[in-house]
1. Return the total of residues in the stretch 115-149 being crowded, with 18+ Cβ neighbours inside 10 Å and among the charged types (D, E, K, R).
2. Filter the stretch 186-212 down to the residues that are within 25 Å of T49 (Cα to Cα) and polar (S, T, N, Q) and list them by number.
3. Do you know which residues across the stretch 51-95 are within 17 Å of K176 (Cα to Cα) and crowded, with 16+ Cβ neighbours inside 10 Å?
4. Residues being assigned to a strand (DSSP E or B), modelled with pLDDT under 90 and polar (S, T, N, Q): count how many of those fall in the stretch 140-178.
Amino acid sequence: MNRKSLTWFRRGVLTLLLTIFSFGCGPSLLWFLNRGDEYKDPAPGCKFTPAEGQKTVTVAVIVTAPNHITTAPSMMGVDRDLEAKIGAQLTMLSKIPKDSAITVVETSKVDQLRQSNPEIWNTASMSDIAKQLGADYVLDVTLASLSFFDQQTGKEICRGNSSVSVSVYDAVSNGKSLTQYGHQSNAPLRDTSSLPVNLYRNTYLDRLATEIALKHVKHKADRERDLSKQ
């Protein structure tokens, strides 16, 4: 068996084992593992890695969305849900290389700070927010658009589509912006008769969260770059 065949064989076995035994793993992680480590990094230079001598790095995830998104019936609480899912994916995916670990500030702690004084929250610098949350970095995600339905067929066909802007701030450097980028996520068509909208919403947000998290954790491409510098 050549190397390419062996690689695909190992992926098949790994996916089977994860499906059987890893009840806590969502489909988004299986999707990532099936893709392999050939993932090409679209946002270099913004990986959450511990400082020298440290074992972990703490990240606060903040997701905001305009009212026209969060007040729609199928969108209630979508910003908080995405916030929690990105945090979960960062934690999970950072464990795969086994050479980095990300601790994510609990969503409830972010919510408490957000709701305790909205005026201060809206005017405070990212450095101040990070310090109050005990975070080294802030991953600031803004939902510009989000839809769960195909525009041509109304609500008969689900087709997740979203556009987000992402900024990463370094709390240690007084809230310095490390990177800013836009991301668009388009999912395949799904018939609502085979998958209820509430379940599709959960599945699509898992997908979007994984796509964003993958830009901020190390994988094979990063490890190879690190080794080439040694």
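The values are calculated or read from the model by the stated rules, or taken from the named source; none is laboratory data. For clarity, every value in this text was computed on a predicted model and none was experimentally measured. Heads up, the Cβs are rebuilt from the backbone with ideal geometry, glycines too, and the neighbour counts pull from every protein chain shown.
1. Qualifying residue count for the region: 2.
2. If the condition is that a residue be within 25 Å of T49 (Cα to Cα) and polar (S, T, N, Q), then T210 is the only one that fits.
3. Of all residues in the stretch 51-95, those within 17 Å of K176 (Cα to Cα) come to 51, 57-62.
Those that are within 17 Å of K176 (Cα to Cα) and crowded, with 16+ Cβ neighbours inside 10 Å: V57, T58, V59, A60, V61, I62.
4. Here the count works out to 3.
Yes/no matrix, rows are residues, columns are (1) at pLDDT below 90; (2) in the same structural domain as L146 (by TED's automatic domain parsing); (3) over 26 Å from D140 (Cα atoms); (4) small (G, A, S):
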{"site": "F32", "(1), (2), (3), (4)": "yes, no, no, no"}
{"site": "S74", "(1), (2), (3), (4)": "yes, yes, no, yes"}
{"site": "K85", "(1), (2), (3), (4)": "no, yes, no, no"}
{"site": "L90", "(1), (2), (3), (4)": "no, yes, no, no"}
